[in-house]
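Worksheet: the structure to be examined is printed underneath.
Values in this text are rule-based calculations from the coordinates and carry no lab data. Just so it is clear, the structure is predicted and the values come from calculations on it, not from any experiment. Cβ sites come from the backbone with ideal geometry, for glycine too, and all protein chains shown count toward neighbours.
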Amino acid sequence: MIQKKLVDLAKTIRSKNAGTDKITFDIIFRNSKEYEQVKSSQVISKQSMAKLYRIPEDRISDFVEYDPAFAIKFTIYREKPSGSAGDADIFGAQQYAPLMDIIVPIDE
Amino acid sequence: METLKIICPNGHLGFAPLKVPSFLHGVEKKPDYIAADSGSDDVGPVPLGSDTSTSPKSWQRHDLEKMLLSARELGVPMIIGSAGDTGTNSRVDMYVEMIKEIAVEHKLGKFKIGYFYSEVEKEFIRNKINTGDAIRGLDNRSDLTLEELDGTARIVAMAGVHPYMKLLEQGADVIIGGRSSDSAIFAAAALHEGYPEEHAYYLGKVLECASFCAEPYGGKETVLGEISQNDVQVTAMHPDQRCTIASVAGHAMYERSNPYFELVAGGTLDMTHCHYEQVSEKTTRITGSVFKPAEEFRVKLEGAAKKGERFIGIAGVRDPYTIEHIDKVMDWAKDQVKDRFGTEGYEVHYSVFGRNGIMGDLEPITETKSHELCIVVQGIAETEEMAEELTMTATRQLFYARLPEVKGTAGSVSFVLDEVLKASPAYEWSLNHTMSAKDGLELFPTHMTEGGL
C-alpha cells in the first residue's frame, strides 16, 4: 500500500458554477487506471466531501462517478446565489483547492 | 446535405476576444453556419439587474465583425445567442445596431437580420401567480412569491430552438437572439436543415463553449462540429488542440450539476448512453444521445433584484498580533457602524484574503498562516451617500481598532487608498425558476430588419 495525493493522480481538478445556486466540482483522470484506483479507495464520497467542505450532506445535490470521462463529479448548493454581495468567487472557480491534498491509499 | 458543418469561435462572445488564426482556419473549412453564444449567468446578477454588459463594447464588436465578414463572404447564416451577456432587449438592440454599423463600414451588400426579445413583463408573471399557475423554483428554491417578483428589477426567459428556427425559415442571414439556452443556437440550425433532434442538441451541447471541448486547455479557439443523420463529429481548429474522447466527454459535464442530462425549453438531452470514438487525431465522434420531449412546456426564468448602492474599501494587515486577533478588529469596526447606522437597513461584508476570503465558510483550513492579510470591505445601502459613509466607517474604523496588547499604536491596518470606491450596485439572483408557456415562441417575439447597402 502506498499513498498518493489526488493532485498527483488527476489530470484536472476544477470547480465552476452550475447555474446561479450551485457549484460543481470535477476530478478528471488521464486513464481508467488512476480513475479506478481513486474510485476503489473510496476516499471521495458524498460523506467525505461534506466533511471536507464542512457542510451537511444535504447540501450536496449530486455525486456521480462518470465513467466515459474517467471523472468523479459532485455539486453543492451555494449558501447564497452567485454574485450576491459578499461572494468573493462569483464564478465558483477557486473552490476546488482543498481537493488537491486528499490522500489516496493505493494497493500496488 | 449529407452533413452540416458549424463553427463556433467563442464560448461567451465579448467576455474575451476570439483568437483569429483558428477562426480563419475554421472558415477555410467552408462551414454552413457560424454561431456563438454571448451570454452567461456566470457574470453574476449585476448586468441583468442594471441592464448593462460586463463585456467591453470593443471586444463584442471585434468578434461580431470577424464573424459577420466571414459569414457574408461565405454566404452562410451567422447566429448569436444571449446578446451582450444577459440577452435583455437593450442588448439585442445594441448588437443589431453593431451589425448594421459593421455592414455599412465594410460596404456589405444587403442582408436580412432576424432578432428576438426574451424579457418578460412582471405583470405577465403576476397574472400567472394570481391564477394559480405557479412559477416553480429550481435548485431547491420555493415557488416565486409576489413579494419576490415585486423586488425584482428585470427578468429574462431562456429561449429554446423555436425563435431561431422561425427566423431561419423566414430567411434570416444574421440572427441576434435574446437570452437562450447555449445549445439551442446550434441545435436550431441543425433542426432547420432536417437533422434528428438527438444529434442536433448534442451538437449544440458540444459546441457551446468553443474550444473548452478540446485539449490542451485554451479558450477562445474555434472548433468545428459536423452533424449527419447518424452522428456528431467535433474537430479542434487550433493546430495544437485536439478533440479527444476525454476532452469531449469531459466537456459534457462542464458547468452542469449532472453529466447525463441537459434541460432545454421543450425537452431533455439524455447523454447517459453516449458513445465516444476517436476517429482521427483532432476529431471525436459521438453517437448514442437521446432527446426526450418535455411533457409540459416550461421555460426557465432568470431575474435579478437590487439590494442597494455599493462601495468597496480595502485594508491590509502586517502585524502578527493584529492578524491573530483580526476578528476583534472587524468587530470593533462593526460596532462603530452600529453606533452610527443602527442594526438594520444596510449590509457590510468583510472578505479576509489570506484567511478565508475566497472560500468563506467552505474553507477547511482554520489556522491563518499568512504573514499579511488583505481585507475587502463591501458596504450596501439604499442611497449612494449612505453606502459611501457606511463603507468608509466599516473600513476606516479598522485603523482605530482597540486591541489591548498591540504594539503599533499609530494604526491597525494599511491603506492602499485612503478612500472608498464606488462599485456597481449590489444585486441578487431573485429568479431561478420555470414558468409554463403555450409553446416555444410565446415569450419570444421575433422581428426582421435589414443590414448592408
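Quick notes on this structure:
- Listed by chain and number, the lysines placed with their C-alpha closer than 24 angstrom to that of A:LYS4 are A:LYS33, A:LYS39, A:LYS46, A:LYS51, A:LYS73; residues fewer than eight positions away on the same chain are left out.
- Its alpha carbons considered, the range B:405-445 gives a radius of gyration followed by a Dmax of 25.0, 70 Å.
- In order along the range B:44-50, the phi-based Karplus estimate (6.51 cos²θ - 1.76 cosθ + 1.60, θ = phi - 60°) of 3J(HN,Hα) comes to x, x, 5, x, 5, x, 9 Hz; Gly and Pro are listed as x.
- Cleavage-rule hits, trypsin sites (Lys or Arg not before Pro), the range B:63-149, DSSP coil, Cβ neighbours within 10 Å at most 16: B:LYS107, B:LYS110
- Cα gyration tensor of the protein assembly as shown - equivalent ellipsoid semi-axes, whole Å, descending: 41, 30, 22
- Evaluated over chain B, the Cα radius of gyration and Dmax, each in Å: 25.1, 80
- Spin-label model distance (nm) - B:LEU441 vs B:VAL279, 7 Å beyond Cα toward Cβ: 3.4
- Euclidean distance between Cα centres, the range B:1-47 to the range B:341-389, Å: 38
- Counting every C-alpha pair in the range B:321-453, the share spaced more than 21 angstrom apart comes to 57%.
- For the range B:204-325: rounded, prolate or oblate by the Cα gyration tensor [a/c cutoff 1.5]: oblate
- Within the protein assembly as shown: Cβ-based charge dipole about Cα centre, in debye rounded to nearest 20 (Lys, Arg +1; Asp, Glu -1): 720
- Computed from the alpha carbon atoms alone, the convex hull of the range B:139-221 holds 176 Å³ per residue.
- Gyration tensor (Cα) of the range B:1-110, equivalent ellipsoid semi-axes in angstrom: 24, 16, 12
- Per-residue Karplus couplings for the range B:84-94, computed as 6.51 cos²θ - 1.76 cosθ + 1.60 with θ equal to phi - 60°, are listed in order as x, 5, 10, x, 6, 4, 5, 6, 5, 4, 5 Hz, Gly and Pro entered as x.
- Estimated translational D of the range B:102-189 in µm²/s (Stokes, Kirkwood radius over Cα pairs; 37 °C; 0.692 mPa s): 211
- Taking chain B and dividing mean pair separation by its residue count, relative contact order in percent (alpha carbons under 8 Å, at least six apart): 20
- Computed over chain A, the P(r) curve from all C-alpha pair distances, binned at 5 Å from the origin, holds 2, 12, 23, 24, 19, 11, 6, 2, 1, 0 percent per bin.
- When its C-alpha radius of gyration is set against 2.2 N^0.38 Å (N residues), the range B:249-408 gives a value of 1.65.
- Restricting the range A:1-69 to trypsin sites (Lys or Arg not before Pro) that sit in a DSSP loop and have at most 15 other Cβ atoms within 10 Å of their own Cβ leaves A:ARG30, A:ARG54.
- Coordinate range along principal axes, alpha carbons of the range B:339-404, Å, largest first: 37, 30, 17
- Charge dipole (debye, nearest 20) of chain B; +1 at Cβ of Lys and Arg, -1 at Cβ of Asp and Glu: 700
- Both the radius of gyration and Dmax for the range B:26-183 are 17.4, 55 Å, in that order, over alpha-carbon atoms.
- Per-residue average of Cβ from other chains inside 10 Å of B:259-271: 1
- Modelled label positions at B:ASP339 and B:ALA16, each set 7 Å beyond Cα in the direction of Cβ, lie 4.7 nm from each other.
- Here is the list for the range B:95-191: GluC sites (Glu not before Pro) lying in DSSP coil, each with at most 13 other C-beta atoms within 10 angstrom of its C-beta, are B:GLU121.
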